[in-house]
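Working notes for the structure below.
The values are calculated or read from the model by the stated rules, or taken from the named source; none is laboratory data. Keep in mind that this is a model prediction, so the values were computed, not measured. Note that each Cβ is placed from the backbone with ideal geometry, even for glycine, and that neighbours are counted across all protein chains shown. With ligands, DNA and RNA removed, areas are computed over all heavy atoms of the protein, side chains included. Shrake-Rupley method; radii C 1.70, N 1.55, O 1.52, S 1.80 Å.
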Amino acid sequence: MPTHRLETTLPRTTAEPNGVLLPYLTAGFPDAGVTEGLIRKADELGVACIELGIPFSDSIADGPVIQNSFHSVLESGWRLDDTFALAARIRSSVQCGLAAMVSFSLVHRVGLERFMDRASASGFDGIILPDVPVEESSATKQAADRADLCYIGLVAPTTSAERRETIARGSTGFVYQMAVAGTTGERTDLPRNLAAEVNVLRALSGLPVCVGFGISTAQHVRDVCGIADGAIVGSAIVRRIADGVRHGLAGEALIESVSAFIAELMSGARPRLR
Amino acid sequence: MTSEVTPPDDTRWGPDARGRYGNFGGQYVPETLMASVTRLADTYRAIRNDRPFWEEFRESLNRYVGRPSPLYHANRLSDRIGGAQLYLKREDLNHTGAHKINNTMGQTLLARRMGKRRVIAETGAGQHGVATATAAARFGLDCVVYMGAEDVRRQKLNVLRMELLGAEVVAVDAGQKTLKDAINAAMRDWMATSDHTHYVIGSVMGPHPYPQMVRDFQTVIGLEARQQVIEQTGRLPNEVVACVGGGSNAAGLFFAFLDDADVKLFGVEAAGEKLAPGRHAATLSVGRPGILHGMHTYVLQDEDGQTSPVHSVSAGLDYPGVGPEHAHWKELGRVSYVSEDDQAALEAFTTLNETEGIIPALEPAHAVAHAMKRAKAMHADDSIVLNLSGRGDKDVVEAGRLLGRIATMGDSLDA
């Protein structure tokens, strides 16, 4: 596999953990302009990778904040093509990685190879399929490999040691370690055994391990970045966007407000390598 | 009445070891749920051959639910049609008024066996919610039922029943605010609580082992009906008919007849207003294979893969997916899937009221409508077994309104 953008923006696992930030944004929430603006701002702030959530009507992997953002985007008439077009528009002007988080329902409908090819052509560097368990992943992984997309596996606190190894070995780019059992959402404390879990996963995969699910403050980011290669923040950012919209913010004002929060989160992480 | 209490051998029909029925089924759930569904599948595999478990299940069905339910020869209805003889499997006479209780008694016993102290469920019209709340009360487990906010508004009576039974009803204010959104919410609850909570899925859907487990608990319908029809007519029926939403009453009835190659099986979906996008719920008739709620099955979705809105006069058939085993039976050609619209269901509802003194739920009224059409073209010594899967108490206001018996839908009646 050629040197991939995610290999250059994420830390090397030979070093002591000194994590980067991976913000999550719902594509098209509240509109394409704001998503685009936030990606550019986050890129300037030095985030390593943006996780772009592709709206799906019936996501079971996401909590209420992200699910509501999906419904709001879909009600505005947003189509899958709009997500690909958005990615293609920003790709050439941002340095950070871009990973698509998408339900298998959409990938299956479009067709595995066709979906991966389009994602890759639009400028995505990797793909996260939260509802494809490793037992069912050979075809999706093959299609991702062929399209030169990193295949980012997810590990939960409840994942058995045996599965953990299979998932780690099947991943490329990085491994996504979920900090708490449950759906995406904001929690107040980080689990005690997280550092040990991350170390095991780093050793098994030889890949950077990024921790997500339940990270909502700069202090959380700082804590996670001390033990892992990256901190993924989703619901807390999407909630800021939803709150801004509710308070009448739009366009540049909304981008300013939310990117200030991303800057605050960045205070707990170090900038990407290049 | 049937002597064997453990579920019938299903090696011929599935699922396989990975929870597949041919191409369909599987486990498409987030990693956070894999440990729970795997543990459930392992537990259920062991329990499937655990005779004492099934003896307790059957005992509960007989003493508490009121099984076996009668198979009733609807001779006035048959005479009115002037063709084949119709035999109604009276699941409407079960405790709580529908077949749903067979499954919730089984899953609640299973939850207790696994040491869970809390059960959760999704519900559309409220029948499965009431059946889960009932079983939870009977076995002393905490119960939370997720219900779309729109359904909470439309089905106040069932919300009150669940609350009287000690369950907490959570109104789900997301998406279309109906059944599929309640399923999403229940799955999310389970992800965070599966160490002490069992999720009682209400139909033959979701990730493996649910489709198999729910079918097994409902197979009592078919095992009884097969024996009853032979006792009453001396032979197997020519045809067997049941309505299909998620498909649990149909799966439970059909499974006992699958190996009887001469018996034709018909699953009747809701054609709603008409077979146009958003106006029906005929998933197997006009949908295509896709992924929804943890399974690979037929779904109604747009070209991006977003779930389509659905409509039916009966809330219980109003689902954009279907159990994966039905998808398999469709592809094998073992079961024919057809659809009947709102109007045909209402006409059948009225006919059954007037000829037999039975007010059916609007869901099986679709099956009655189709059986009546088929019976007309058959001989008087032919027979059709039809699953009357639930009673119509919950539907009388809506049916009265649609039939013009109630001029306006008053709030007092709505409540």
So, in Å, what gap is there between the alpha-carbon centers of region A:236-267 and region B:37-113? 53 Å
Apply 1/(1 + (r/R0)^6) to the Cβ-Cβ distance of A:Glu135 and A:Asp81, taking R0 = 45 Å, and write down the FRET efficiency to the nearest 0.05. 0.90
Rounded to the nearest 0.05, what FRET efficiency do A:Glu252 and A:Gln142 have when you use their Cβ-Cβ distance and R0 = 45 Å? 0.55
Once every DSSP H run of n ≥ 4 in the protein assembly as shown is given -39500 (n - 2.57) and the sum is divided by its residues, what mean residue ellipticity at 222 nm do you get, rounded to the nearest 500 deg cm²/dmol? -13500 deg cm²/dmol
To the nearest whole number, what is the average tally of beta carbon atoms from other chains within 10 Å of the beta carbons of peptide B:296-309? 5
What average number of partner chain Cβ atoms lie no more than 10 Å from the Cβ of the residues making up A:70-82? 2
What net charge do the residues around A:Pro130 carry, taking every other residue with its C-beta under 9 Å from that of A:Pro130, with Lys and Arg at +1 and Asp and Glu at -1? -3
Over chain B, what is the relative contact order in percent, taking alpha-carbon pairs closer than 8 angstrom and at least six residues apart? 19 percent
Tabulate in residue order the Karplus-calculated ³J(HN,Hα) for region A:105-111, using 6.51 cos²θ - 1.76 cosθ + 1.60 with θ = phi - 60°, rounded to whole Hz; enter x for Gly and Pro. 3, 6, 4, 4, 5, 6, x
Have a look at region B:3-37 and report residues whose accessible surface goes down by 20 Å² or more when the remaining protein chains are included, against the chain on its own, probe 1.4 Å, ligands and DNA/RNA excluded. B:Arg18, B:Gln27, B:Tyr28, B:Val29, B:Pro30, B:Glu31, B:Thr32, B:Met34, B:Ala35
Over 22 Å (Cα to Cα) - which of B:Lys100/B:Lys180; A:Lys41/A:Lys141; B:Lys100/B:Lys373; B:Lys116/B:Lys394; B:Lys89/B:Lys180 fall in this group: A:Lys41/A:Lys141; B:Lys100/B:Lys373; B:Lys116/B:Lys394; B:Lys89/B:Lys180
Using only alpha carbons, build the gyration tensor for region B:297-347 and give me the equivalent ellipsoid semi-axes, biggest first, whole Å. 20, 18, 9
Whole-percent carbon and sulfur share, accessible surface of region A:1-97, 1.4 Å: 48 percent
Region B:116-195 versus region A:73-117: alpha-carbon centroid distance in Å: 34 Å
Taking the Cα centre of region B:243-369 as origin and charging only Cβ (+1 Lys, Arg; -1 Asp, Glu), how large is the dipole, in debye to the nearest 20? 220 debye
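Taking 2.2 N^0.38 Å as the expected size of a compact globular protein, what ratio does the Cα radius of gyration of region A:33-129 give against it, to two decimals?
Cα Rg divided by the expected 2.2 N^0.38 Å: 1.04.
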Based on the alpha carbon coordinates of region A:1-59, what radius of gyration and maximum Cα-Cα distance (Dmax) apply, in Å? 14.0, 41
Once accessible area is computed for A alone, B alone and the pair with a 1.4 Å probe, the total buried surface, to the nearest 100 Å², works out to 3000 Å²
Under a plain spin-label model, where a point goes 7 Å from the Cα along Cα-to-Cβ, how far apart in nm are B:Arg63 and B:Asp79? 4.2 nm
To the nearest 0.05, what FRET efficiency results for B:Ala46 and B:Gln232 with a Förster distance of 41 Å applied to their C-beta separation? 0.65
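So what is the accessible area of region B:144-227 per residue, in Å², with the probe set to 1.4 Å?
Working: 2410 Å² over 84 residues.
For region B:144-227, the per-residue accessible area is 29 Å².
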Mind grabbing the accessible area of A:Ile227 for me, 1.4 Å probe, Å², rounded to tens? 50 Å²
Relative contact order computed over region B:153-258 (Cα-Cα under 8 Å; 6+ residues apart), in percent: 21 percent
Rg to Rh for the protein assembly as shown: what is it, with Cα atoms only and Rh by Kirkwood? 1.01
Cα pair count fraction exceeding 24 Å, expressed as % - region B:101-242: 34 percent
When the accessible area of region B:263-310 is split by element with a 1.4 Å probe, what percent falls to carbon and sulfur? 49 percent
Taking the Cα centre as origin and putting +1 on Lys and Arg beta-carbons and -1 on Asp and Glu beta-carbons, what dipole magnitude results for chain A, to the nearest 20 debye? 400 debye
Rounded, prolate or oblate (a/c below 1.5 giving rounded, otherwise prolate when a/b exceeds b/c) for chain B by Cα gyration tensor: rounded
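Charges only on Cβ, +1 for Lys and Arg, -1 for Asp and Glu: so what's the dipole of region B:151-202 about the Cα centre, in debye to the nearest 20?
The calculated dipole for region B:151-202 is roughly 300 debye.
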Averaging sequence separations of C-alpha pairs under 8 Å and six or more residues apart, then dividing by the length of region A:1-94, give the relative contact order as a whole percent. 31 percent
Mean projection area, nm², convex hull over Cα of region B:287-386: 7.8 nm²
Which residue, B:Ala327, B:Phe257, B:His280, has the largest displacement toward the positive end of the dipole of region B:219-327 when charges sit on each Cβ (Lys, Arg +1; Asp, Glu -1)? B:His280
5 angstrom amide H check on B:Glu269, placed H, neighbours 5+ away: B:Val244, B:Val338, B:Ser339, B:Glu340
Mind listing the Cα extents of chain A along all three principal axes, in Å, largest one first? 48, 41, 33
Neighbourhood charge, 9 Å Cβ-Cβ cut-off, centred on B:Leu292 and excluding it, Lys, Arg +1 and Asp, Glu -1: 0
